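The values are calculated or read from the model by the stated rules, or taken from the named source; none is laboratory data. Not measured: the values here are computed from a predicted model. Ideal geometry is used to build each Cβ from the backbone, glycine not excepted, and the neighbour counts take in all protein chains shown. When the accessible area is computed, the model is the full protein with side chains, heavy atoms only, and any ligands, DNA or RNA have been set aside. Shrake-Rupley method; radii C 1.70, N 1.55, O 1.52, S 1.80 Å.
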Amino acid sequence: MAELAALEDPRAREVNERHGDDHGVNLSKLRAVAKRLKTQPELARELWATGDTAARLLALLICRPKAFGRDELDAMLREARTPKVHDWFVNYVMKKSAHSEELRAAWLADHDPVVASAGWALTSERVAKQPDGLDLTKLLDVIEADMKDAPERLQWAMNTCLATIGIRHAEYRARAVEIGERLEVLKDYPTPPGCTSPFAPTWIGEMVRRQQNIEEP
């Protein structure tokens, strides 16, 4: 904790706080600490228990994802207050957990929109890598009905799922693009030069174009 405190940078905190993250540690420096510590499950649990955002980010880098039980994972998600902790927890822990599918289904139906957003993030992963058993038509129905008025983090996760369906599954592409065009979610999102817009029709079109360029001889 003392080492993390010494890495505190006011400029980094200012940037992070604009995104809802209450820490001031440069993430490259945080990763360097994690690389030195290597995997330490018990230390990870102690760091998580502090409630400190930087400590929790470090915990997620040095933990053993498969060491966490189902109820422990559910509690951790609900405790993950900030966007970066939430995102790293889903990507670095949940996607490697044996409880991923069970919790994906449970979180998808949760009344807490932030918890539900984790369910949608895990669903996007399945849409891309293990779509068998998913009802993509039903997912599109829910997105079409609920995404427009969803809270920001849930809306973003649903939009990612919409784009992933359109990118990965050609038979659903036209409908995914049509939903995106009609709902106009993230249509005006400021996108830096050289980056792809998160507006689903643009995102789908760009990724499909890139894939076609790779496949051409």
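Pairs from the table (K95/K138; K84/K187; K84/K138; K29/K96; K95/K148; K35/K96) lying more than 21 angstrom apart at Cα are K95/K138; K84/K187; K84/K138; K29/K96; K95/K148. For the chain, the longest principal axis of the C-alpha atoms and the axis of helix 136-146 are separated by about 80°. Quick one: Cα centre-to-centre distance for the range 123-160 and the range 1-65, in angstrom? Answer, in whole Å: 30.
Measuring nothing but protein heavy atoms, the accessible surface of the chain at 1.4 Å probe radius is 51 percent carbon and sulfur. Rolling a 1.4 Å probe over the heavy atoms of the protein chains gives the chain an accessible area of 55 Å² per residue. Rounded, prolate or oblate, given the Cα gyration tensor of the range 135-211, with a/c below 1.5 counting as rounded? It is oblate, given that a/c is not under 1.5 and a/b is not larger than b/c.
Restricting the range 119-197 to trypsin sites (Lys or Arg not before Pro) that sit in a DSSP loop and have at most 14 other Cβ atoms within 10 Å of their own Cβ leaves K148, K187. For the range 6-92, what does the alpha-carbon gyration tensor say about shape, rounded, prolate or oblate, given a ≥ b ≥ c as the root eigenvalues, a/c under 1.5 as rounded, and a/b over b/c as prolate? Cα axes put the range 6-92 in the oblate bin.
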